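Rule-based calculations on the coordinates, nothing more; no lab input. Quick caveat: nothing in here was measured; it's all calculated off a predicted structure. Reconstructed Cβ throughout: ideal geometry from the backbone, glycine too, with neighbour counts over all protein chains shown.
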Amino acid sequence: MKLSFLSFVFSLVLMNLQAQNLKVEYDRIIKEDLNSSLPAESSDVFKNKVIEELKKPTKEILYVLDGNTFYKSIPKTSITHEEESKKVDEQTTIRPKTEYKDIQTKIYHIKGDKGFYQYFNFHGDEYYYNYIPKFSKVEYKDDMEYIEKYKCKLAELTSDKGVLTKVWYTEDIPVSAGPYAYGNLPGLVLKIESSEYIVYATKVSNEAKKEDFENLNPKIKVLNEEEFFKKMGEFIEESKKVKKTENNINL
């Protein structure tokens, strides 16, 4: 009886360590039509190169340290393609260049804070967008699935815009954390299924190190929802002014 009690205590201690010092590696696969995300004026050669790159899973990592979380993606390889030379006039010939550059995702959550902070860089201006996830409905289902040896339960989350997302979480690791804004469920999120993508855990470990964990930079301005979308509008208008010969396509 004493041995069983000690084993139970040891299990609780191990579980707590897992919850406080986590590194979770994920793969993200895009489900939507990749062709539709590329500009129509791009050449078929360039599109094919980018689509082949986008078909590969994106590597993403979640760090949990002392109740705080840091989530980041590992950017894919950039692709630069030079099109055939085009004659503008009798004296001028240009060779258009198109570039695909994967933008790194970085999302932060502070313990006890309802919202999340996502990093953005608009032409050298750095910002954090502070947002609180809004779901009109959260339904806990009876479905179960094993992911990386952990028993996971299903929760179906409907956004305030009516978009349904299936989220698999495990209570075996009692920490409310996961990819993107899905960090408020009663357990670690190991899989997300939406109409646009699938994200699933490939490795769960206690390998998180303090030097891997990135904290919010107090020198970078934090924008609320209204300020952020105003800045996004300005960025889009500015991007339209970029010459076609210097296209930077960020996906």
- [ ] For every other residue with a beta carbon closer than 14 angstrom to the beta carbon of residue 166, add +1 if it is Lys or Arg and -1 if Asp or Glu, then tell me the sum.
- [x] -2
TODO: In square nanometres and to one decimal, what's the mean projected area of the convex hull around the Cα atoms of the range 83-234?
DONE: 14.2
- [ ] Hey, could you get me the Stokes-Einstein D for the range 90-174, Kirkwood radius over alpha-carbon pairs, 25 °C and 0.890 mPa s, rounded to whole µm² s⁻¹?
- [x] 143
TODO: May I ask for the distance between the Cα centers of the range 51-66 and the range 145-193, given as a whole number of Å?
DONE: 17
